[in-house]
Every structure is written in structure tokens, then in C-alpha cells.
Amino acid sequence: MTHQFPATTRLGLGGVTLLLVLAGSALPAAASSAGTARSAAPPTVEEQRLDRAAPQEILRRSGFDALAPRFANDLKGSRSYAQAERSVARHGSALWRRAVDRAQGRGPATGDLSRGDDRPLYWARLALSRELRAWTPRFGLDERQRKALHTALETSSRGQDDIRRPGRQVKRVLVTGFDPFTLDRDVRIGNPSGASALALDGTLVQTSEGPARIETVVFPVRWADFAEGTVERALARQLPHVDLFTTVSQGRQGRFDVERTNGAWRGGFPDNENVASTGTVPVTDPASQPQWTSTTLPYRTLTEAGTGRFPVYDNTEVTEIPAGATQPVTRPDGPTPGSTARAGGGGDYLSNEIAYRVTLLRDRLGLSKLPGGHLHTPVLQFGAGNTDPATGGVTDPEFERNRSDIVRQVRELVKRAVGTAG
């Protein structure tokens, strides 16, 4: 993500997992006979930002502004829950595929916004979500079913229903990204991890160990979704079948970081719904929950290889409360035995949490030798004359070049990691 952190916050958003596979994500295919049609619900905090000038311009200049009205018309024609469910899945999947195709140069450009931009996907998803929230069906629909439709829209439009498994002769790589965030600071923001996910999804790279296919998904910047197990539901069935994974998020300015250690702590920085959460990362079976998990990515290779414009660091710093102590301290060389986590190398925001969750999931599934971990990208910056969100444009040549350079280097880092992991 594009994350310029306030002085009190240590790093942010990343790329994959936790162990919280909750039941109840799947809903019945037909509406409950006891359900009643409910009136429109108010838009969420994220959806309310849609009406600002920059999101509207991004949608218009990408051609994605036409998608929500089509979706609304389909919903209006739905005569049953099953029909609405099919419509939601169809439009969500089409949105993801359109964003991927646009980023990878397939099909018409649909507007003058640069093709590698991740923001049309984010804002169009919210536009569809707002239409779904405002929809009053002509049939019975209870709260549980309405929530299930929103979940279906989320998963289908984030690539989570689109993961393919290649043949045995092709290595399989899973990469995750994030939505834009800190949008009240600058609503124009994009996230290079999301842009990387769109550029890499379904692509084949040639490595020293042979061809590898990359599959990607994108996750929301919302504490509640992570606590409800969105990462585990998406990835638990995938990890046993991959050769390498990396979660990706936006981190520091001017550098990549391979995060060595992830901590079981939420630091409270507000998410995209302006909700804060502080405390131990909530996972299933907390009695067996470790304070720390570790990367199994080939960090030495990634830091030593020339992969692009930005330097790549092996980040070993953590913040801990040492065993027997009460106050947190920052340690440059990882945690000490028996300590309590207060921040991993990737901080105490959702990037650290996704890295913690996916590596914990890896270990709980008995896949401790599977190469995987978290990669922080440089902050995606606007051009020198376009830094004021009140007066600046939604894009500029330097912004587009910075994004392209970051995405290209993510691709090269993934390629090197697969080749090294063998």
C-alpha cells in the first residue's frame, strides 16, 4: 500500500494471512422463507468517499464508471436470491478480470488513465458494493443473506475465486496485495502492492528452475475482515499446492524490505473504515498462538541480487516486551526468547498481520519448509509538483513511472525467489 506512516505508527499493510477459518461464509442458495425485503442500508465509510472528485475522475478516466449502473440494473431484475447471487458473482468476477486485463494490456484501454493503475478496481468495487447495499429486492432477504452477497462480491472481485493451478511441470507462486489506504489523508492514493497483483496475475515467468505461474489476490484494509478470517478462507486451501508465496504491501520510502519476523500484535492505526484495533492478533486456538513467526523467503538472495531501481533490505528489527519486563523496546536483530510482540519488522498494522497470519497458517498446516513471507515495497509517490491533495491531479508522469518501476521490481524479486527456492 502507499503508506506514509505518522510518527507514532511503525509500518503498515502487507500481503497475506492468519488462522481463523470460520464457518458460515457460505450461504444457502435460496432465500429463507422467513426473510423479508429490507430497505436500503446507509453506505459505509469507504463507500461515502466515492462521491469525492478524485474517485469520480479515476472511475471516469478508466471507463469503470459504467460498471455500477449495469450491476444495479441486473440486481433490479433479480427475482430470487439464487438469481441475485449469480449476478453478484458474475459482476464481481468480471470486474477483477477487467482490471487484470487492463493492467496487462489486453482489450481496449477504456479511458486515458494509465493501464497499470490499481485504483479503478478499488473504487469500482465500492461503487458495486454501494449499489448492493442500497438495493431493495422484490423477494424475502434476511440480514445473513445480504451479508453473504457482499462477501461474494468481495471474494469474486479480489481474485480469490480466480486462482488457477498449473500442471506439475510449472511451479506455482501465490502473491497478495492490498487496497489503497490512508484515503482521508489523500483520496488520490494508489497501492503498488495492488498494482503488482493486477500486473502479475496469471503470468508465467521463466526462472533458473523452470517456468513458474503467478496467481494473485487482493485483500481489504479492514481490521474486522481479518478478524473474521478472510485471509484464511482464501488461502488455507491454496498453500498446500504452491511452491512459494509472498504477501506484499507498501512500506517505507525509497526501499524494499524483506521482513524477517512478524509479530502477534495490532497497533491500533485506523483502517479504511476509520476503525482502530489494538491487542493480540485474533486467531483460532489462541492457546497455541506464538508471539512471532518468521519468513522462509530466500532473503539473502533477494537483498544481494540487482533486481531494479530500489535497494532491498533484510529487515530484522522488531519491538518487544522482553521476558520479565513491562515496557516495549526496539531490537535491531529480532526478538529475544520469551518476549511479547509489539511490532514485527513490518510494524503493527495489517501488513504485519497478514504476514503473521499466512506464516502461522503455513506452520499450522505442516508446511514449515514452504518458502514464504512478506515484502514491503517503496511508498508510491506523486511527482514533485503534485503533492498537495487539495490541488493536485489524480496522476502525473512521475507517479506512473514510480508505480511501473515498483511493479517491475516486484516481478523480478518474485522470479529470483522462485529460482532460489528451487
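With runs of 4+ DSSP H residues as the only contributors, calculate the mean residue ellipticity of the chain at 222 nm using -39,500 (n - 2.57) per run, divided by the residue total and rounded to the nearest 500.
-10500 deg cm²/dmol
Over all directions, how big on average is the projection of the convex hull of the alpha-carbon atoms in the chain, in square nanometres? Kindly include the intermediate steps, with their values, before the conclusion.
Details: hull surface 80.8 nm².
Approximately 20.2 nm², given one-decimal rounding.
Subtracting the Cα-Cα distance from 0.36 nm times the residue separation, let me have the gained length for residue 60 to residue 326 in nm, one decimal. Walk me through the numbers on the way to the answer.
Details: separation 266, 0.36 × 266 = 95.76 nm, distance 5.29 nm.
Additional length available on full extension: 90.5 nm.
At 7 Å along the Cα-to-beta-carbon direction for both residue 309 and residue 381, put a label point, then send me their distance in nm to one decimal.
1.1
In what sequence, largest accessible area first, do 79, 403, 90 appear using a 1.4 Å probe?
Final ranking, largest accessible area leading: 79, 90, 403.
Taking a point 7 angstrom from the Cα of residue 288 along the C-beta vector, which residues in region 348-371 have backbone N less than 15 Å away?
360-368
Excluding ligands and nucleic acids, what accessible area in Å² is computed for residue 299 using a 1.4 Å probe, to the nearest 10?
Its heavy atoms expose roughly 40 Å² to the probe.
Taking the Cα atoms of region 184-283 alone, what are Rg (to one decimal) and Dmax (as a whole number) in Å?
Computed over the Cα atoms of region 184-283, radius of gyration and Dmax are 15.8, 45 Å.
How big is the accessible area of residue 273 in square angstrom, nearest 10, if you roll a 1.4 angstrom probe over the protein chains?
40
Using +1 at the Cβ of each Lys and Arg and -1 at the Cβ of each Asp and Glu in region 107-255, identify which of 141, 217, 173 lies farthest towards the dipole's positive end.
Going by the Cα projections, it comes out as 173.
So how much slack lies between residue 161 and residue 90, counting 0.36 nm per residue of separation and subtracting their Cα-Cα distance, in nm?
24.5 nm
Got a sec? What order do 388, 112, 257 fall in by accessible area at 1.4 Å, biggest, i.e. largest, first?
The ordering from most to least exposed comes out as 112, 388, 257.
Excluding residue 81 itself, what net charge comes from residues whose Cβ is under 12 Å from its Cβ, given Lys and Arg +1 and Asp and Glu -1?
Net charge around residue 81: +3.
Check the straight Cα-Cα distances from residue 171 and name the lysines below 24 Å, setting aside those fewer than 8 residues away within the same chain.
369, 415
Using label points projected 7 Å from each Cα along Cα→Cβ, tell me how many nm separate residue 204 and residue 139, to one decimal.
4.2
Could you sort 154, 232 by accessible area so the largest value comes first, with the probe set to 1.4 Å?
Details: 154 35, 232 0 Å².
Per-residue accessible area, sorted high to low, gives 154, 232.
If each residue of separation counts as 0.36 nm, what is the full-extension length gain between residue 79 and residue 408 once their alpha-carbon separation is subtracted? Write down the numbers at each step before the final one.
Numbers: separation 329, 0.36 × 329 = 118.44 nm, distance 4.60 nm.
Roughly 113.8 nm would be gained on extension.
Which percent of Cα pairs goes in each bin when the distances of region 100-215 are cut into 5 angstrom slices starting at zero?
Bins of 5 Å from zero give 2, 10, 16, 18, 17, 14, 10, 8, 3, 1, 1, 0 percent of pairs.
The values are calculated or read from the model by the stated rules, or taken from the named source; none is laboratory data. All values reported here derive from a predicted model rather than from experimental measurement. Neighbour counts run over all protein chains shown; Cβ positions are idealised from the backbone, glycine included. We work out accessible area using only protein heavy atoms, side chains counted, and drop any ligands, DNA or RNA first. Shrake-Rupley method; radii C 1.70, N 1.55, O 1.52, S 1.80 Å.
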